[in-house]
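Taken together, the values in this text are just the output of simple stated rules run on the coordinates, not laboratory data. Bear in mind that the values here come from a model prediction, so they are computed numbers and not experimental data. All Cβ positions, glycine included, derive from the backbone under ideal geometry; neighbour counts span all protein chains shown.
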Amino acid sequence: MKPGILACVLLVASFAVPAAHADDAMVVMKNFDFSPMDITVAPGSTVTWKNLDGEPHTVASRDGLFRSPALDQNDTYQFKFDKPGVYKYICSIHPKMMATVTVKQSK
Amino acid sequence: MTDATNRRDALKCLGVGAGTLFTLQGGVFSAFDLAEAQADMGTPLFLQISDTHIGFNKDANPDVAGTLNRTIDLVNAMPKQPALVLHTGDVSHLSRASEFDTANQLLSRLKVSELHVVPGEHDVTDGPGAEFFARFGKPSNNRGYYSFDSQGVHFVALVNVMNFKANGLGGLGDDQMAWLKDDLAGRSASQPIVVFAHMPLWTIYEPWGWGTGEGDEIADLLRRFGSVTVLNGHIHQIVQKVEGNILFHTARSTAYPQPQAGSGPGPGPLLVPADQLPGMLGITTAMARKKKLSLTDATLA
């Protein structure tokens, strides 16, 4: 029986791996910072931002590729990154809040 | 006979009402002299309202419409109404159409009909500021920055929330700076100047972005004038600085206070006991005095 259980566990694990490999990521806005400030994801990944502050924030890329509306407390915003690159963004309400999404193929 | 009496008599002769524009070049009275005479009789040159943040509903002030209404009551109860009101931005909290509509509806109760508005960063969170400019873009042809003369004073409205600097300070951008240079060039140094924008035009606290990247350049352009008043909101508290003939002044909000520079994690709403809130909200009044402007801050308390 033992080898069978192990096989089951491995099977579950092998299904779980592709899901984790999708590289979707979460960034929160808290105390006037993006956290984590710099993330790296694979092409095709979706990043979700959530504002935990009582003050609204936005997610606005410097090159204009993506821009959220003003997010009130607990509001979220998502963007899917298809192309490799380094995407710098700020909160347009508090431009001192700066962060980066790096999109590249994982090896 | 005092100066004031002279001016009062002059006014009687001329039959001047508030808001009438006079420029008697080389004559006895300048328009600003008349504004001073109006001030002697209690009429402000203008009022400043700022940071109404309609749409905000958190603990720091669950009723920002209510406090704006009280502000308007305060203004309307003044015995003498000024010719105009300046709103230095953050009309709305989240740039939503419904917030602007509510703000407009409330502000329309002001007895003073001439209202000049510059955008705050909360008003243009969509980028181009579509909702803001749909309502307030007309005087500037949708650029946001423009100038006009009233009561002998040259007023300059600037936008420093749509071209942020990499370090987080506000910015005007090259086009607006070129326009400003042109607007001030050749203007008489004796004409009082009022510049108003949302974010501070001098650096109050760089880590929180409380300043404007071109601040020094702007001050250089203004230095030659005999009387300059630079007004802003944004930081929801009064901070003032005098540099030569330039008076820098930030107004209170009508919605909620913010912490002092560097106190706490960031410039968010400051929660204070409910009975203290009215004392931290208010407006600024400008009077024409001795060729300059004198500012007074009043609270809702």
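Side notes on the structure shown:
- Other residues within the sphere of radius under 11 Å centred on the Cβ of B:G89, judged by their own Cβ, net out at -4 (K and R +1, D and E -1).
- Largest GNM mean-square fluctuation among B:D63, B:D123, B:D220, using chain B with Cα springs under 10 Å: B:D220.
- Radius 11 Å from Cβ of B:L300, net charge of other residues (Lys, Arg +1; Asp, Glu -1): +1
- Alpha carbon Rg of region B:77-152, scaled by the compact-globule rule 2.2 N^0.38 Å: 1.14
- The GNM of chain B, with springs linking C-alpha atoms under 10 angstrom apart, assigns the highest mean-square fluctuation among B:Q276, B:Q191, B:Q151 to B:Q276.
- Taking other residues whose beta carbon is less than 13 angstrom from the beta carbon of A:D63, and scoring Lys, Arg as +1 and Asp, Glu as -1, yields +4.
- For the residues of B:113-121, the average number of beta carbons from a partner chain within 10 Å of their own beta carbon is 1.
- Taken along the Cα-to-beta-carbon direction at a fixed 7 Å, the label points for A:M26 and B:A301 span 4.3 nm.
- Cut-off 16 Å, label 7 Å out along Cα→Cβ of A:T100, residues of region A:28-54 by amide N: A:34-42
- Footprinting exposure proxy for B:V159, B:V153 (fewest neighbouring C-beta atoms within 10 Å first): B:V153, B:V159
- Beta bridge orientation in region B:146-301: antiparallel %, DSSP, nearest 5: 55
- Sorted by Cβ density within 10 Å, fewest first, the residues A:M26, B:M177: A:M26, B:M177
- The convex hull drawn around the Cα atoms of chain B, when projected onto a plane and averaged over every direction, covers 15.5 nm².
- The simple spin-label model puts a point 7 Å past each Cα toward its Cβ; for B:S190 and A:D82 those points are separated by 6.6 nm.
- When +1 charges are put on Lys and Arg Cβ atoms and -1 charges on Asp and Glu Cβ atoms, the dipole computed for region B:19-127 relative to its Cα centre reaches about 320 debye.
- Spin-label proximity, A:M37 to region A:70-91 - amide N less than 17 Å from point 7 Å beyond Cα toward beta carbon: A:87-91
- Semi-axis lengths (Å, descending) of the ellipsoid that matches the C-alpha gyration tensor of the protein assembly as shown: 50, 22, 16
- Taking the number of Cβ atoms within 10 Å of each Cβ as an exposure proxy, the fewest-first ranking of B:T102, A:T46 is A:T46, B:T102.
- Nearby lysines by direct alpha-carbon distance to B:K292 (threshold 16 angstrom, same-chain neighbours under 8 apart not counted): B:K241
- Label-point separation in nm, B:D220 to B:D73, each point 7 Å along Cα→Cβ: 4.9
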